[in-house]
1. Under the 0.36 nm per residue contour assumption, what length would be gained going from the current alpha-carbon distance of residue 138 and residue 391 to full extension?
2. Given a 1.4 angstrom probe, I'd like the percentage of the accessible area of region 157-313 that is carbon and sulfur, rounded to a whole number.
3. Magnitude of the Cβ-charge dipole of region 218-376, K/R +1 and D/E -1, about the Cα centre, nearest 20 debye?
4. For residue 271 and residue 207, what does the FRET efficiency come to when R0 = 22 Å and r is the distance between their Cβ atoms, rounded to the nearest 0.05?
5. Given Cα pairs under 8 Å that are at least 6 residues apart, what percent is the relative contact order of the chain?
6. Determine the dipole magnitude for the chain: charges of +1 sit on the beta-carbon of Lys and Arg, -1 on that of Asp and Glu, nothing else is charged, the reference point is the Cα centre, and the result goes in debye to the nearest 20.
7. Among 44, 310, 337, whose Cα lies farthest out toward the positive end of the dipole of the chain, if unit charges sit on the beta carbon of Lys, Arg (+1) and Asp, Glu (-1)?
8. Could you give the length gained on full extension between residue 115 and residue 295, defined as 0.36 nm per residue of separation minus the Cα-Cα distance, in nm?
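The values are calculated or read from the model by the stated rules, or taken from the named source; none is laboratory data. Note that this is a predicted model, so its numbers are computed, not measured. Positions of Cβ are backbone-derived with ideal geometry, glycine not excepted, and every protein chain shown enters the neighbour counts. All accessible areas refer to the heavy atoms of the entire protein, side chains included, with ligands and DNA or RNA removed. Shrake-Rupley method; radii C 1.70, N 1.55, O 1.52, S 1.80 Å.
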Amino acid sequence: MSILKENILIVDDDVHILELLQRHLQSLNYHTFKAISVREAVTILKDTKIDVLITDLKMPEVDGFELLKFTSEHYPHMAKLVITGFPSIQDSLAVIKSGAVEYLTKPFTKSELIEALNKTLKQNKPKSKSQTSPFITDGKYGDIIGRSQGIKHVVQLIERVKNNKATVFISGESGTGKELVARSIHYQGQFSRGPFIAVNCGGIPENLLEAELFGYVKGAFTGAETNRNGFFQAANGGTIFLDEIGNASLAVQSRLLRVLQEKEVIKVGSQKPEKMDLRIITATNSNLKDMIKAKSFREDLYYRLTVVEIDVPPLRDRSEDIPLLVDKFLFKYGIEYKDRFVKIDPEALTILERYSWPGNIRELENILQRAIILSDNIVTTEALPSALKYNIDFTSDDFVSLKDMEKQYILKVLRACNNNKTRAAEILKINRKTLRDKLKA
């Protein structure tokens, strides 16, 4: 189902209410932006077209009344819906005077929210827009390929955020193409002339990540023999993509929080802030909410990174896109290795469509790359790994212990993941250390 045309901004310092509102609105196919303070809400409003503002009243520093006054003069046609846990007659009068149509008291039900939102939209009567699909007819959107509903949903979200600098958080399993989504946000939008800097936070040693991201001054630490800019300075005016953000230390997280709040960077060893004008996109396949509970990721940073969230579906949930992806890789590696387009046997394609792809698109690309090297003009079933093909499971009548059965299953998952222990641990819902211990037992 297509996302509805209205963009809704939710503002509340209570993260539980913020998440509840987002879940309700997304279930109704609305596109949402989140802010946990008035300051962040104003930043989003300045470069994003917002149709409906949903705001709390009682917030620290600057309250919701100030935000209502601001929007009533700067964005007089924007629909406004107020929520509060401390209702009063004075507040009600002030809200009505500010132009808000509806007033919800916490706690409220989903049906009450829907009714209030419908009244708000009806009162403002936004002009209808034709909902044209951003898809090209051959199933391509930039470098993103697919016709599945999951990919169409991702592209609709990209279309909503590509022309503003709202912070975007991309989630998804390893190999699903999170960086490709980040690049599409940058290169399909109006800021595409600016730089796009991709940083793998998991690929830089923890003790170097802070200096690499924010730069350093001469003498900041042993080996700092000159002033040096970091990735943030390189991305100024464009987009920085921080992959595997869950690997960032608490010190890096603290500095990143300052960048988001103050729009400025301070180099390691310096006291002088440098103003930054860029878009921050982050991604991870880790569960940041679990990390928040474990005190290894800052909750305040999480809610500032997830102003807009895009979840990239795994390949097993978009099997109809496999033929398109296969054609892409056949052309790419056929030209590279054979100087011509390589075809695929229908039986081989059937095997690829049937497989569950625990390694997602990256695994598909690697297997096709190998198959093309081993083939001549056409990729046949012989060029595909045996793990993809049908195998007979010779069950034994002999009973085995639960421990042995567990180990057999772990080995089966490892084979399906091409011995990728990180991916196997994710599927088994255990960490790598537990996986190692179970394999040794």
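1. Numbers: separation 253, 0.36 × 253 = 91.08 nm, distance 3.52 nm.
Here the answer is 87.6 nm.
2. Details: 2940 of 6730 Å².
Carbon and sulfur together cover 44 percent of it.
3. Numbers: 24 positive and 24 negative charges, 170 e Å.
So the magnitude is around 820 debye.
4. On the way: r = 22 Å, r/R0 = 0.98.
FRET efficiency, residue 271 to residue 207: 0.55.
5. Numbers: 680 pairs, mean separation 54.3, N = 441.
Relative contact order for the chain comes out at 12 percent.
6. Computed charge dipole of the chain: roughly 480 debye.
7. 44
8. Numbers: separation 180, 0.36 × 180 = 64.80 nm, distance 3.85 nm.
Length gained between residue 115 and residue 295: 61.0 nm.
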